[in-house]
Amino acid sequence: MKNVWMLFVLLLTISMGRANAADELSQGQTLYLPIYSHIWHGNKIVDGKYPVKSQVSALVSIRNTSLKTSIRITTARYYSTDGKLLKEFLSKPVEIGAMGTLELFVERKESEGGSGANFIIQWDAGLATNPPVVEAVHADIKGGGPALTFITTARPIKADR
């Protein structure tokens, strides 16, 4: 019974910490978003090679969660599995109005990113505001066949200077 009580207190503490983190306003962040231009699945082949590889597209959705304040996306850089910068998706900063969304798209035919590709997205705002929700919906949908879809979520990181 004592262990159950300790587990309950630990889970309550963790959930309270998450709630407090969600309440924090910010004037900007650097976000890391995992992206997959392909995924491996199935069993390995007898000689130890990778299993089946499926290409997927990725719809990156950057959602301003503020009811009043615009945010500005200053960079959206797409990197490969080995850390090579493949593309800067923005030629100049883009403003997202209150409750607005910016979408970026990585085509299914893009194979250079690999299974460890990622985005670094930087945003700022004139006033402290709610951080955006940034997700990528990955999909491989073929007519009449099985569909593969999954979501990855961005997390804030400290920017290297």
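Which residues, counting only those in region 108-161, are under 17 Å from the mean Cα position of the chain (by Cα), more than 25 Å from V52 (Cα to Cα) and among the aliphatic types (A, V, I, L, M)? Residues satisfying the conditions are I120, I121, V133, V134, A154, I157, A159. Restricting attention to region 47-68, the residues that are assigned to a loop (DSSP other than H, G, I, E, B) and loosely packed, with under 13 Cβ neighbours inside 10 Å total 7.
The residue of region 127-146 that is surrounded by the fewest Cβ atoms within 10 Å (Cβ to Cβ), among those that are assigned to a loop (DSSP other than H, G, I, E, B) and at pLDDT 90 or above, is N130. Output yes when any residue across region 109-124 is over 19 Å from I35 (Cβ atoms) and surrounded by fewer than 16 Cβ atoms within 10 Å (Cβ to Cβ), and no when none is. Yes - at least one qualifying residue is present in region 109-124. Scanning region 147-161 for residues that are surrounded by fewer than 19 Cβ atoms within 10 Å (Cβ to Cβ), touching a residue at least 60 places away in the same chain (Cβ under 8 Å) and part of a loop (DSSP other than H, G, I, E, B) turns up at least one hit.
Cβ-Cβ distances below 8 Å connect the following pairs, each with a first residue in region 110-126 that is modelled with pLDDT under 90, a second residue that is part of a strand (DSSP E or B) and β-branched (V, I, T), and a separation of six or more residues or different chains: S115/I39. Here region 37-46 is the region considered, the condition is being exposed (fewer than 11 other Cβ atoms within 10 Å of the Cβ) and aliphatic (A, V, I, L, M), and the residue that is modelled with the highest pLDDT is I45. Does L90 fit the bill of being under 15 Å from T30 (Cβ atoms) and either free of Cβ contacts under 8 Å to residues at least 40 places away in the same chain or assigned to a loop (DSSP other than H, G, I, E, B) (or both)? For L90, the condition - under 15 Å from T30 (Cβ atoms) and either free of Cβ contacts under 8 Å to residues at least 40 places away in the same chain or assigned to a loop (DSSP other than H, G, I, E, B) (or both) - is met.
Contact map, region 70-83: first residue buried (at least 19 other Cβ atoms within 10 Å of the Cβ), second residue among the aromatic types (F, W, Y), Cβ cut-off under 7 Å, separation 6 or more or different chains; pairs are I71/W123; I73/W123; A76/F89; A76/F119; Y78/F89; Y78/F119.
Just one of the listed residues (R72, R77) is part of a strand (DSSP E or B), charged (D, E, K, R) and closer than 20 Å to G114 by Cβ, namely R77.
Being more than 23 Å from T149 (Cβ to Cβ) and among the charged types (D, E, K, R) is the filter here; which residues of region 60-86 pass it? Within region 60-86, K68, R72, R77, D82, K84 meet the criteria. Taking region 25-46 as the range and being free of Cβ contacts under 8 Å to residues at least 60 places away in the same chain and not in a strand (DSSP E or B) as the test, the residues that pass are G42, N43, K44, I45, V46.
The values are calculated or read from the model by the stated rules, or taken from the named source; none is laboratory data. This is a predicted model, so every value here is computed, not measured. Reconstructed Cβ throughout: ideal geometry from the backbone, glycine too, with neighbour counts over all protein chains shown.
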